[in-house]
Structures are given as C-alpha cells and as structure tokens.
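> Quick one: the structure is below, questions incoming.
What follows draws every value from the coordinates through simple rules; no lab data is involved. What you are looking at is a predicted structure, and each value in this text was computed from that prediction instead of being measured. Because the Cβ atoms are built from the backbone with ideal geometry, glycine has one as well, and the counts that use them run over all protein chains shown.
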Amino acid sequence: MSSAGMTLSPVRNEPPSMMPLLRADSLPEETILSFELSIVAPQRKQFSLEPLIVNPKAKLPLVVKDMVSSASDGLRSGNPPVRSREGTGGAYFMQASSGNKYVGVFKPIDEEPTAENNPHGLPLSPNGEGLKKGTKVGEGALREVAAYLLDHPKSGEERGFAGVPPTTMVECLHPGFNHPKGVQTKIGSLQMFTENDGSCEDMGPASFPVEEVHKISVLDIRLANADRHGGNILMSKDEEGKIVLIPIDHGYCLPESFEDCTFEWLYWSQARKPYSRETLDYIRSLNAEEDINLLKFHGWKMPLKTARTLRISTMLLKKGAERGLTAFEIGNMMCRETLSKKSLVEEMVEEAQEAVLPGTSEAAFLEALSDVMDYHLDEVVRSQEQ
C-alpha cells in the first residue's frame, strides 16, 4: 500500500505492518532495515490524515478506523490540531468535525523529546538515546502502539485488560504542527482521546479501586515501563459511578534495560494487596514469545535487547504471581532504590549472564535466568514465612 509521498514494500518475506512506516531520517537505522522506501511524487495537499498499513492481514479494529475517520473529518471541516501545553514532546489534540470535542491525540515522531523538531526547544540527543535509559529518540510512537497491542483483553471483551486507549500509526499533514523547515507530512501515533475527570495527580490514591491499580501494575511490569507517574493515569467513571483508571503515555515502555523503571503505584496501598483470581488467570495467560511475534506481525521486529526485556519482565511477573507475591513486591524488584544501586532484576540478569558461556543462545540464557529467578523469588517467600 502506498502512503503520501512514499511506496512501501517489504524486503524480507516477513509480514509487514501498520506500525513502522517511518522515513529513513526519522528513526535509528536498525528500526527501518525491514523496509524499502521508494519515493514517489507527493500530491500537494493542505492537510491529510491516513492510517499507515503495510500488512493487509493486520486489519484495523473498527474502533481505530472510526477514530482515524473522525480525526480526518475534523481536519476537512477546518478544525486544526490543538497543541497540548503539557509534556516534553509535541502532542496535538485532534478535533471532531463539529469542533466541540477531541477525538484523538497525535504525537509526531520528529517532535518527541530531544528530537529534531521538538516544539519545546529541548536540545538534540547527542547519541540518539531518549530521555529514559534504554530508549531511542523517534521510537516513542512504536512503543505507544505496542502498549495498545499488548494490552490483551480478557476473553469475550473488547477493552484491553488495563484499558490502554486504542492507538495506531498514522501520517498527517497540516500546517498546525511544528514545521521549522517547511510544512511536511508527519508520522506518529494517534491515540483515542478519552473523556476523563483529571489524572491521578489531581487526587490522592485512597479512593482508587484495588483492581484498577492492579490492572495497571500488570501492564507496567510486563512492559518495564520507565515513565509511570500519576500524570499519565487518567481517571474516569463507568456507568455505575465506579472509578476507572486509564493508562496513557507509553513512549518509554519496553526499554532495552531496566535502569529507569518507574512505577508510582508502588507507593499506593492497593499495590500491597494480593492479586485476585481473575488477575492471576490473566497473568497465567500471558506469553512473551506470542507477544514478540504479534509485534513482528504488526511490523516491529524488536531488537534483541528490547525483546529480552519483554521476556524477562513477563517471566518475573508470572513467577512472582505464581508464588503469591504482590504488585508491590514484584514491581519493587524492577526499580532501583538509588541511581547507583541496581535493582534485583538487574542483579538476576547479571547472575544469569555469568552462569552461561559467551556467545550462548538466547534460549540458554533464559533457562539460566529462570533458575536464578526461582532461587531469588523462593528466598523472598521464605523470608516472609519466618
């Protein structure tokens, strides 16, 4: 399928995707090696918004199609993107055709923090690393989409377990974005705007339902989120008036290391409550290899270090939950107490690396890590029983 200004064709015999249709000057080289971009003469438009789909087998959910259509209708109706005043990257509220409500939030990859066209004037990254360790400038949109794809719903439900709003990759042309070098088509993530009553920063956590906090903890542990704070957890209410928590801003999930893992919910009392049977059943159903293949099907062939992070964090979550550990106990193993003191999961990774020969296979490393992890987790359980 062609997108404005480029034709995309897969180089390898692997399923392409709707996710990484990114220009060569927008992302690190390794992110785009799976794609060949053939430039064609672009049509002159004042505005456009289209989903980026390469793999025809990767069908867009109806809710995503409707979101893209509504945002596109808004542009055609003369309603420009509205830049958010919050955050360190460029984020734009996309309006409906009526102009009286928002339907999505667009985050261009070239306006990410420390990216070339960041609207807040942040300095360029000297080495391509993002604001968080183990992330790269220009890959935030991929991670936003990955969080949505990996937030698997429970059987028979449409909404993801943690409630990550529908998110997809799009390309959008409009003069309302930050264009210091002339108006050009932007590529980035489009996430559905969710009506809310504010963020968790606006009130204390005492009133948050335990299950809502636990759902977000499962997502953050799996994805080794390096940027979970109260400002990126929205609050809403369901039809019965119950508080619902909505996790957003996942541009720093799935890093290549655990150095910057940050979970604000660790300090909430709900995190110390045991997981429910329903949540435990969901955790048992998780499969890191299936997740890696899913992202590959949707176009992101994860770098080895990123895939390893997902494998390790999923392993830790499953093993910890199986032993009855709480979100606090599991999450605490992933977060550093100080900048210089490594987390327990980092120490376990080092032990496993020392236990295998150089150049060993990833499967052999994971087997060694599993044994190391079992030992440390059993130690935690034994200490609790004393």
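> Grab the Cα-Cα distance for residue 242 and residue 355, subtract it from 0.36 nm times how many residues apart they are, and report the gain in nm with one decimal.
On the way: separation 113, 0.36 × 113 = 40.68 nm, distance 4.91 nm.
Between residue 242 and residue 355, full extension yields 35.8 nm more.
> I would also like to ask the following. Rounded to two decimals, what is the ratio between the C-alpha radius of gyration of segment 159-206 and 2.2 N^0.38 Å?
On the way: Rg = 16.1 Å, N = 48, 2.2 N^0.38 = 9.6 Å.
Against the empirical 2.2 N^0.38 Å value, I get 1.68 for segment 159-206.
> I've got another one for you. Once R0 is set to 35 Å, what does the formula 1/(1 + (r/R0)^6) return for the Cβ-Cβ distance between residue 304 and residue 269, expressed as a FRET efficiency to the nearest 0.05?
Working: r = 38 Å, r/R0 = 1.09.
Computed FRET efficiency for residue 304 and residue 269: 0.40.
> Let me ask something else about it. Among the listed pairs 132/273; 136/296; 154/341; 59/186, give every one whose C-alpha distance is greater than 27 Å. Show your work: numbers first, answer last.
Working: 132/273 29 Å; 136/296 18 Å; 154/341 37 Å; 59/186 22 Å.
Too far apart for the 27 Å limit: 132/273; 154/341.
> Given R₀ = 22 Å, FRET efficiency for residue 278-residue 202 by Cβ-Cβ distance, to 0.05?
Details: r = 28 Å, r/R0 = 1.28.
Given R0 = 22 Å and the Cβ-Cβ separation, E is 0.20.
> So which trypsin sites (Lys or Arg not before Pro) in segment 179-272 pass both tests, a DSSP loop state and at most 16 other Cβ atoms within 10 Å of the Cβ?
Numbers: sites: 181, 186, 215, 222, 228, 237, 242, 272; in loops: 181, 242.
The qualifying sites are 181, 242.
> What longest range of the chain stays clear of loop-exposed GluC sites (Glu not before Pro) (DSSP non-H/G/I/E/B, at most 14 other C-beta within 10 angstrom)?
Values: sites that count: 86, 157, 158, 195, 239, 240, 337.
Of all site-free stretches, the longest is 241-336.
> Can you list the aspartates and glutamates whose alpha carbon sits under 12 Å from that of residue 133, skipping same-chain ones fewer than 8 residues off?
List returned: 227, 256, 259, 260.
> May I have the pair-distance distribution P(r) for segment 208-363, computed from all Cα-Cα distances with 5 Å bins from 0 and rounded to whole percent?
So the P(r) values, bin by bin, are 1, 9, 17, 21, 21, 16, 9, 4, 2, 1, 0, 0.
> Work out how much length residue 69 to residue 85 would gain on full extension: take 0.36 nm times their residue separation and subtract the Cα-Cα distance, in nm to one decimal.
Going from the current span to full extension adds 3.3 nm.
> Which listed residue (55, 149, 177) has the Cα farthest towards the positive end of the charge dipole for the chain, taking +1 on Lys and Arg C-beta and -1 on Asp and Glu C-beta about the Cα centre?
The Cα lying farthest towards the positive end belongs to 177.
> DSSP loop (so not H, G, I, E, B), at most 16 other Cβ within 10 Å: list which trypsin sites (Lys or Arg not before Pro) in segment 89-153 pass both filters. Working shown, then result.
Details: sites: 101, 132, 133, 136, 143; in loops: 101, 132, 133.
Hits after loop and neighbour filter: 101, 133.
> Give me Rg/Rg_expected for the chain, where Rg uses Cα atoms only and Rg_expected = 2.2 N^0.38 Å with N residues.
On the way: Rg = 21.0 Å, N = 386, 2.2 N^0.38 = 21.2 Å.
Relative to the 2.2 N^0.38 Å estimate, the chain comes out at 0.99.
> Give me the extension gain from residue 371 to residue 229: residue separation times 0.36 nm, minus the current Cα-Cα distance, reported in nm with one decimal.
Details: separation 142, 0.36 × 142 = 51.12 nm, distance 3.23 nm.
So the extension gain works out to 47.9 nm.
> List the aspartates and glutamates whose Cα lies under 14 Å from the Cα of residue 57, skipping any in the same chain that are fewer than 8 positions away.
Once the sequence-local aspartates and glutamates are set aside, what remains near residue 57 is 14.
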